[in-house]
1. Take the Cβ-Cβ distance between residue 129 and residue 27 as r, set R0 to 22 Å, and report the resulting FRET efficiency rounded to the nearest 0.05.
2. Output the 0 to 90 degree angle, nearest 10, between the alpha-carbon long axis of helix 22-36 and the longest principal axis computed from the alpha carbons of the chain.
3. Please arrange 49, 153 by counting, for each residue, the other beta carbons lying within 10 Å of its beta carbon, fewest first.
4. For Rg/Rh (Cα atoms, Kirkwood Rh), which listed value, (1) 1.02; (2) 0.95; (3) 0.93, comes from the coordinates shown?
5. Only helical DSSP H runs with n ≥ 4 go in: add -39500 (n - 2.57) per run for the chain, normalise by residue count and round the 222 nm mean residue ellipticity to 500 deg cm²/dmol.
6. Dipole of the range 32-177, Cα-centred, from +1 at each Lys and Arg C-beta and -1 at each Asp and Glu C-beta, to the nearest 20 debye?
7. Give me the orientation-averaged projected area of the Cα convex hull of the range 132-177, in nm², one decimal.
8. My understanding is that a pair violates if its Cα-Cα distance is over 21 Å; which of 10/77; 11/87; 26/130; 77/108; 26/108 do that in this structure?
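No lab work stands behind these numbers, since they all come straight from the coordinates. This structure is a prediction, so every number in the text was calculated from the model and none was measured. Every residue, glycine among them, receives a Cβ derived from its backbone with ideal geometry; neighbour counts consider all protein chains shown.
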Amino acid sequence: MMQSDALMNKKIQIIPVAETTPTLDKELRDWFRDQFGRVAYRWAEPDYYGILSVDEQLAGRLAVFDRQISAGGVIVKVGGIGGVATKPQFRHQGIASALLSRAAEFMKNDLGAEFGFLLCRPEVSPVYAKLGWTRVDGPTTFSQPSGIETYPYYTMILRLTGREWPPGPIDMMGLPW
């Protein structure tokens, strides 16, 4: 189940993680580790990778998660976004924006998600805000091997349907992404 769009010399694909080759999987995991370094939390494994290639060279990546979470005690179907990264030589060319836009279409049309959902640091939130993502109040909690943790930064959503986001505490009902 590979989805792709070709735009001039750019190609965007949404690929199920189970269908990635071992070489591509290793490259994407190594890139995540190089980009984000040591992380404070144990993160969920993605369901899909979104990748953008320019002239057959990998330029951008993100992970997509097909999940249900609780917001204000109400179960909500979300498409989660994580690990958004653009290689340095491709930055400021709209790579992340193109990937996020394609991922939003995929989450709505293919996953049937009501909202996009992501966690981010304040300094990167403008990238998402310009694409229609909005910050929601939490607190946002998730599972860790040591117990329940509260995310200290921003939680953002993207409305994919006409449904209003339920106000109140957010429980990711598992590991974060």
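1. It comes out at approximately 0.15.
2. 60 degrees
3. 153, 49
4. This structure yields the entry labelled (2).
5. Result for the chain, helices only: -6000 deg cm²/dmol.
6. Dipole of the range 32-177, to the nearest 20 debye: 260 debye.
7. Approximately 3.6 nm², given one-decimal rounding.
8. Violating the 21 Å limit, Cα to Cα: 10/77; 26/130; 26/108.
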